[in-house]
Amino acid sequence: MSELEAKYITEVISSQFSVSSGASFMMRLEAAFAKRFSVPSAIAFVNGTATMHAALEAAGVGVGDEVIVPPLTMSSTSLAVLQSNATPVFADVDRETFQICPNAILDAITEKTKAVIVVALYGGSPDLPKIRQICDQRGLVLIEDNAECFLGENNGKLVGQYGDFSSFSFQSTKHLTSGEGGILLCRRKEDAQSVRSIQSLGYRGLSADKAKITKEDIQNPNFKRHGVLGWNYRMPELCCAVALAQTERIDELVSQRVRVGKIFAEALSEFEGKVISSQKNYENTSNTYWCYAFSLNTDVITWDEFRRLFLSLGGDPFYAAWSLSYLEPMFIERNFLGREKFISEHNLSKYQRGLCPIAEEVQPKIVQLKTNYWNIDDALKQANLLRTAMEQACV
Ligand SMILES: Cc1ncc(COP(=O)(O)O)c(C=O)c1O
């Protein structure tokens with residue numbers, strides 16, 4: 001956080017959240033994102049899960065529809081599908097990039113498939129050109145979940161420019177944060193109109209570019225507010241103020257993480273293929289290193305032993321990969337708040353071990369190193385400790 005974030009917050013507070021001036025930070029944030037990604041519209045949300053739920057609703061996804069998702073990610077991706085009353089269908093990941101595998105997507109398509117949600121995992125990029133082609137050929141909606149990837153590139157385009165919808169999260173661990181928040185890029189203006197209405201209680205009088213109705217609009221006893229079902233998924237103005245400041249500083253925020261990621265890559269290079277296999281990137285893509293991820297060779301040292309060793313040397317705590325979504329109790333026990341009745345027994349019975357063998361093999365071995373070191377000396381120190389830990393692991 002810098003003085004800019006504090007300045008913008010003060011402006012919101014000074015405005016007393018007045019409707020006439022109060023919508024400005026949300027609209028400024030939306031305009032800044034739309035411009036940066038060269039898309040017609042961006043709509044700000046309360047978080048980067050509501051974004052995906054809204055995208056699915058706007059795409060008309062619902063009961064009986066199948067949506068293909070990766071299992072190796074934070075589970076919001078599949079939760080959003082359930083929130084839309086649809087069926088998450090899991091496609092396995094690629095062993096080297098850890099990203100959803102295009103061939104597994106092809107295998108998972110049925111006549112009920114309506115959409116695919118891909119995740120740009122750990123700051124890298126999925127094989128977006130191939131997946132876009134699959135979606136175009138099969139008439140599927142493509143939603144990008146880029147909570148962990150800001151300004152990543154893929155074959156000359158930004159990650160975020162391939163999807164019909166593209167979601168970002170501003171949760172506290174992300175490249176760009178306002179504590180909580182998110183934004184949804186829309187490739188088509190007419191989709192953005194639907195998304196706005198879903199984001200804002202179905203209010204009439206709103207549009208992709210108009211985030212709030214003013215008091216004057218509604219001073220009529222016969223005024224009818226709700227044209228369609230919607231949610232209140234609006235991002236609070238204070239969060240929008242912080243997120244706008246962070247958006248204006250995004251190049252600096254991303255490049256610091258990339259710098260740290262490269263320091264770790266360099267420190268670990270001599271152990272590649274022996275003790276670890278770092279996350280690989282597809283050709284012509286860049287990694288924005290939300291974290292630095294590698295798969296540990298657990299024949300050399302177990303995950304727990306490596307963590308104990310690294311911490312004993314003074315290393316910062318690192319993280320494990322999330323349990324695969326379909327192995328979470330809510331999937332195994334079918335606890336979908338009644339929505340399980342919308343899912344066929346055939347699909348429900350797949351939510352168990354054995355569904356995505358590569359993800360199941362890789363997930364327990366993954367180490368996620370944090371990259372948000374703002375003092376580069378701290379990152380260099382961690383890199384040296386990593387090297388020492390690797391050497392000791394080999395003994
Ligand atoms: C890949 C991914 N998708 C979605 C989310 C959910 O975002 P939010 O916490 O803003 O709902 C996160 C993390 O929070 C994430 O890492």
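The values are calculated or read from the model by the stated rules, or taken from the named source; none is laboratory data. On a predicted model such as this, the values are computed, not experimentally measured, just so you know. Glycine also receives a Cβ, built like all others from the backbone with ideal geometry; neighbour counts cover every protein chain displayed.
A few comments on the model shown:
- Some residue of segment 165-185 being farther than 27 Å from Val12 by Cα and over 15 Å from the mean Cα position of the chain (by Cα): no
- Checked against (1) at pLDDT below 95; (2) under 27 Å from Gly123 (Cα atoms), Cys394 passes all but condition (2).
- Restricting segment 286-327 to residues that are among the hydrophobic types (A, V, I, L, M, F, W, C) and assigned to a loop (DSSP other than H, G, I, E, B), the residue that is surrounded by the most Cβ atoms within 10 Å (Cβ to Cβ): Trp290
- Scanning segment 72-95 for residues that are in a loop (DSSP other than H, G, I, E, B) and within 12 Å of the ligand (Cβ to nearest atom) yields Leu72, Thr73, Met74, Ser75.
- The residues of segment 95-116 that are free of Cβ contacts under 8 Å to residues at least 12 places away in the same chain and either hydrophobic (A, V, I, L, M, F, W, C) or farther than 18 Å from Val63 by Cα (or both) amount to a single one, Asn103.
- Segment 231-285 - residue that is among the polar types (S, T, N, Q) and in contact with a Lys or Arg (Cβ under 9 Å, 6 or more places away or on another chain) and, of those, surrounded by the most Cβ atoms within 10 Å (Cβ to Cβ): Thr247
- Glu252 fulfils the conditions (1) away from the ligand (no atom under 16 Å from the Cβ); (2) over 22 Å from Asn372 (Cα atoms) except for a single criterion, (2).
- Verdict on Ser178 being within 17 Å of Ala59 (Cβ to Cβ) and either more than 16 Å from the ligand (Cβ to nearest atom) or not in a helix (DSSP H, G or I) (or both): no
- Of all the listed residues (Leu206, Leu184), the sole one being within 16 Å of the ligand (Cβ to nearest atom) and in contact with a strand residue (DSSP E or B) (Cβ under 9 Å, 6 or more places away or on another chain) is Leu184.
- Candidates Ser178, Ser172, Ser207, Ser200 - the one that is under 29 Å from Leu380 (Cα atoms) and free of Cβ contacts under 8 Å to residues at least 60 places away in the same chain: Ser172
- Residue ID - farthest from the ligand (Cβ to nearest atom), chosen from residues in segment 141-175 that are among the small types (Gly, Ala, Ser) and more than 20 Å from Val195 (Cβ to Cβ): Gly156
- Single unsatisfied condition, Lys224 versus (1) more than 16 Å from the ligand (Cβ to nearest atom); (2) modelled with pLDDT of 95 or more; (3) among the basic types (Lys, Arg): (2)
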